[in-house]
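For reference, the structure is listed below as structure tokens.
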Amino acid sequence: MKFTKVFLSAMFSLLLFSGCTVNNKAIVTVNGEAITKGQYNEIMDLIKKNPQYKAAPEEQKKDDSPMMLMTRDRIVQDLITKKLLEQEFKKRDISATNEEIEAKKEELIKQIGSKEKYQELLKQNGVAESKVKEDLANVIKVDKLVEAVANVKVSDDEVKDYYNKNKAQFNFPQRVRASHILIEANPESIRKTIIDADKDGKLSAADIDKKVKEELDKKMALARDVREQALKNPKEFAALAKKYSDDKGSAQKGGDLGYFPREAMVKEFSDAAFSQKPDTISEIVVTPYGNHIILVVDRAAAGLAPFEQVQGEIKAMLEQNKKMSAMQALFTGLKASAKIEYNDPEYNPKNIQDKLRQPATNQEQNAQEKK
């Protein structure tokens, strides 16, 4: 059961995509509009490509297993919600512009870390970028709908009140604020690249080892050169990070990692950062990720974070909570007033719940028979 909960949580943290479908058989009708078997299959196919699904025991992948029954119900209910939202968008003439979609995509890329990681994530999950943009458009339209039907603004008094009542949340351990420049140098990654490029298999193990060492030496030489540039002109550290750092997420912020506690980073990195004085540049620090050049910007002692330091974070969190509550109330209201018909009994939540209860009922009967 624990695996099932983890699986479902992971599956539905994926975006809900539905586009062109082949099977047009209606499995559910919402206010006279069909949800098709093809739309359902498209999402189920996405789930089956996910590593979490592939790692599940075969017994849990059977159609009538608890995991798959719960997955079926969740897909159908999410498709119903999506259909209701589409109808509400149309009714209220709510849309998303290309500029808004692109801006939202850039936000997503920043959260993921880089365009490369974003593309890799799409590839891993078998998702086309057009589907991502479709979903981001829906996110934008939901935001507009929530703003139209509910007040999600947070006052300064609400922020201050939350801080005063929850001070334990803002007690922090000692932290450091640092920037870094990463020159990636992972031996196994380099080795794999060399082997993949050796299509004819002409390289011996010794040849490969030699090439790995040569590449690592090049990476270290580059790191030393960049460090020398930083030492000569520390004010250019941010520009050097943008130019050279392989950590694209922090590079676009001039290498800034913000404040972090010791346990947030790998040991080698933290040991160096927490032993440095502010405004100093480290020696080259080697971690499993590669070669780092660290600039410590500030140190913060353990204790209660000042209100001014966390008020933005609190306000964003309270706004998000209000938005989620408003969205839930909106979804509940739309479903309550909708005419929903389950054309195929396999997708009716009542029938799914009956099937989920069957194993427990059978176990109870068997236990009674043994008595």
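Bear in mind that the values in this text are calculations on the coordinates, not laboratory data. Note that the coordinates shown come from a computational prediction; the quantities given were computed from them, not determined experimentally.
Data overview
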{"item": "Anchor Lys153: lysines whose Cα lies under 17 Å away (excluding residues fewer than 8 positions away in-chain)", "result": "Lys144, Lys315, Lys322, Lys323"}
{"item": "For Asn348, residues with placed amide H under 5 Å, excluding near neighbours", "result": "none"}
{"item": "Highest-MSF residue in the chain out of Met70, Met327, Met265 [GNM, Cα springs under 10 Å]", "result": "Met265"}
{"item": "Cross-link reach list, lysines versus Lys267, counting only Cα pairs under 22 Å and skipping chain neighbours closer than eight places", "result": "Lys219, Lys248, Lys277"}
{"item": "Cα-based Rg / Dmax (Å) for the stretch 156-301", "result": "19.6, 70"}
{"item": "Among Lys83, Lys211, Lys243, residue whose mean-square fluctuation peaks in a GNM of the chain (springs only between Cα atoms under 10 Å)", "result": "Lys211"}
{"item": "Eligible lysines near Lys218 by straight Cα distance, threshold 19 Å, same-chain separation 8 or greater", "result": "Lys192, Lys210, Lys243"}
{"item": "Descending principal axes extents, the stretch 201-257, alpha-carbon based, whole Å", "result": "46, 25, 14"}
{"item": "Sequence-distant residues sharing a close amide H with Thr287 (under 5 Å, placed H)", "result": "His292"}
{"item": "Listed values (i) 20.2, 68; (ii) 21.5, 81; (iii) 26.6, 84, entry calculated as Rg and Dmax of the Cα atoms in Å", "result": "(iii)"}
{"item": "For Val176, distant residues with modelled amide H under 5 Å away", "result": "Phe260, Ala300"}
{"item": "Within a Gaussian network of the chain (alpha carbon springs, distance under 10 Å), most fluctuating of Asp135, Asp207, Asp298", "result": "Asp207"}
{"item": "Among the listed pairs Lys82/Lys115; Lys54/Lys82; Lys82/Lys339; Lys37/Lys355, those beyond 25 Å (Cα-Cα)", "result": "Lys82/Lys115; Lys54/Lys82"}
{"item": "Calculated [θ] (222 nm, deg cm²/dmol) that DSSP helices of n ≥ 4 give over the chain, each run adding -39,500 (n - 2.57)", "result": "-20000 deg cm²/dmol"}
{"item": "Three-way shape label, the stretch 128-214, alpha-carbon gyration tensor, a/c 1.5", "result": "oblate"}
